[in-house]
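The values are calculated or read from the model by the stated rules, or taken from the named source; none is laboratory data. Given the structure is predicted, the values throughout are model-derived calculations rather than measurements. Cβ placement follows ideal geometry from the backbone for every residue including glycine, while neighbour counts extend to all protein chains displayed.
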Amino acid sequence: MNAILKKKFFRRKEQAEIQSLNQKLTEPAFLIKKDWVIATVKYKLKLIDLNLSDTYNRKIMQKVEYRVKKADSIARKLIKKGYPVTYENAKNKLNDIIGIRVVCLYSDDVYKISDRLKLQKDFTLIKEKDYIKAPKKSGYQSLHLILDIPLICDQTTEYQRVEIQIRTVAMDFWAGVDNHICYKKNPDEIKKAEADLKNYSAVISNMDKQMLNLRKKVEKM
Ligand code: 0O2
């Protein structure tokens, strides 16, 4: 979103709150925790990928990426949920200030990765959202795990929440196009595209099933 649109969306008071939120997100105290948590999850995913790829004799994770939610996006989400725009609310009310995405080829791999993440003794599972078994109204498909990751220093343990989205390449393709065309856009302007995208979500889901069946057939040969 460009600066002019941001000004239109947010009132003056909210713009000041976003600035102070942004300051918090760029302070060393947050940056160190963010780097720590992302590194911890990334190394854990690397190990899981190594084990799974070894077991199934093919590369399981195709892509791992992360993002830290920007201050204006945090503010927008807090306002939508009815909370004042503060760093404390961002920390306590939102699950996805830090988001990690894992992309794989086949839909059964999504659950293999998720099962392994849920096994980790040091990660606490807060919530699981299976938008593959029950896609969102938009057609969005993905498996989300909300986890608390420990940061241990001296005698204290602090926890940082992360959202891990696990999905197939096809689901990722759909979500990317949806992000570009529909998600968070004015509903009146994108009605037709929304309906088309919802249909394509079913196409993607069907394609995922066919690819999985094909892989299983080849594995039996
Ligand atoms: P962005 O751009 O990733 O920052 P909760 O408090 O957990 O119940 P939340 O976080 O709204 O509420 O839950 P939800 O609906 O599971 O959404 C979490 C994230 O999933 C979103 O974060 C998106 O990344 C993704 N997502 C959910 N629905 C859609 C969709 O219809 N299309 C696309 N493309 N992505 C979706 P953000 O913060 O909304 O967005």
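Show the residue pairs meeting these rules: Cβ distance below 6 Å; 6+ apart or different chains; first residue within region 54-82 and in contact (Cβ under 8 Å) with a residue 40 or more places away in the chain; second residue part of a helix (DSSP H, G or I) and within 12 Å of the ligand (Cβ to nearest atom).
74/90
Need pairs with beta-carbon distance below 8 Å; first residue among the aliphatic types (A, V, I, L, M) and within region 159-179, second near the ligand (Cβ under 10 Å from one of its atoms) and in a helix (DSSP H, G or I); sequence gap 6+ or separate chains.
Listed by first residue and then by second, the contacts come to 177/197.
Take region 34-55 and flag every residue that is farther than 20 Å from residue 165 by Cα and either of a type in the set (Val, Ile, Thr) or modelled with pLDDT under 95 (or both).
Of everything in region 34-55, just one residue is farther than 20 Å from residue 165 by Cα and either of a type in the set (Val, Ile, Thr) or modelled with pLDDT under 95 (or both), namely 55.
What are the residues in region 63-101 that are more than 12 Å from the ligand (Cβ to nearest atom) and of a type in the set (Val, Ile, Thr), if any?
Across region 63-101, the qualifying residues are 64, 79, 85, 86.
Consider residue 34 carefully, then state whether it is away from the ligand (no atom under 16 Å from the Cβ), touching a residue at least 40 places away in the same chain (Cβ under 8 Å) and within 20 Å of residue 97 (Cα to Cα).
Values: away from the ligand (no atom under 16 Å from the Cβ): no; touching a residue at least 40 places away in the same chain (Cβ under 8 Å): yes; within 20 Å of residue 97 (Cα to Cα): yes.
Spelling it out, it is not the case that residue 34 is away from the ligand (no atom under 16 Å from the Cβ), touching a residue at least 40 places away in the same chain (Cβ under 8 Å) and within 20 Å of residue 97 (Cα to Cα).
Quick check on my filter: what residues within region 172-212 are in a loop (DSSP other than H, G, I, E, B) and near the ligand (Cβ under 10 Å from one of its atoms)?
182, 183, 184
Give the number of residues within region 129-171 that are closer than 30 Å to residue 210 by Cα, surrounded by fewer than 14 Cβ atoms within 10 Å (Cβ to Cβ) and more than 10 Å from the ligand (Cβ to nearest atom).
Narrowing region 129-171 to residues closer than 30 Å to residue 210 by Cα: 129-146, 163-171.
Then keep just the ones that are surrounded by fewer than 14 Cβ atoms within 10 Å (Cβ to Cβ); that gives 133-134, 136-137.
Cutting the leftovers down to more than 10 Å from the ligand (Cβ to nearest atom) gives us 133-134.
Residues flagged as closer than 30 Å to residue 210 by Cα, surrounded by fewer than 14 Cβ atoms within 10 Å (Cβ to Cβ) and more than 10 Å from the ligand (Cβ to nearest atom) within region 129-171 amount to 2.
Any residue at all in region 96-109 that is without any contact (Cβ under 8 Å) to a residue 40 or more places away in the chain and acidic (Asp, Glu)?
No, region 96-109 contains no residue that is without any contact (Cβ under 8 Å) to a residue 40 or more places away in the chain and acidic (Asp, Glu).
Determine whether residue 118 is part of a helix (DSSP H, G or I), closer than 25 Å to residue 159 by Cβ and within 9 Å of the ligand (Cβ to nearest atom). Lay out the reasoning, then the answer.
Details: part of a helix (DSSP H, G or I): yes; closer than 25 Å to residue 159 by Cβ: yes; within 9 Å of the ligand (Cβ to nearest atom): no.
Considered against the rule, which asks whether it is part of a helix (DSSP H, G or I), closer than 25 Å to residue 159 by Cβ and within 9 Å of the ligand (Cβ to nearest atom), residue 118 comes out as no.
Please verify whether residue 201 is modelled with pLDDT of 95 or more, buried (at least 20 other Cβ atoms within 10 Å of the Cβ) and touching a Gly at 6+ places or on another chain (Cβ under 6 Å), treating the condition exactly as stated.
Yes, satisfied.
Applying the selection to region 121-158, what residues are part of a strand (DSSP E or B), in contact (Cβ under 8 Å) with a residue 24 or more places away in the chain and among the polar types (S, T, N, Q)?
The answer is 124, and nothing else.
Exactly one of these conditions fails for residue 85: (1) out of contact with any helix residue (DSSP H, G or I) (no Cβ under 6 Å at 6 or more places or on another chain); (2) in a loop (DSSP other than H, G, I, E, B). Give me its number.
Of everything listed in (1) out of contact with any helix residue (DSSP H, G or I) (no Cβ under 6 Å at 6 or more places or on another chain); (2) in a loop (DSSP other than H, G, I, E, B), residue 85 misses just condition (1).
If we scan region 94-114, do we find a residue that is among the acidic types (Asp, Glu) and part of a strand (DSSP E or B)?
Our first condition is that a residue be among the acidic types (Asp, Glu); within region 94-114, this holds for 96, 108-109.
Of the ones still in play, those that are also part of a strand (DSSP E or B) are none.
Within region 94-114 (the criterion being among the acidic types (Asp, Glu) and part of a strand (DSSP E or B)), the answer is no, since none of the residues qualifies.
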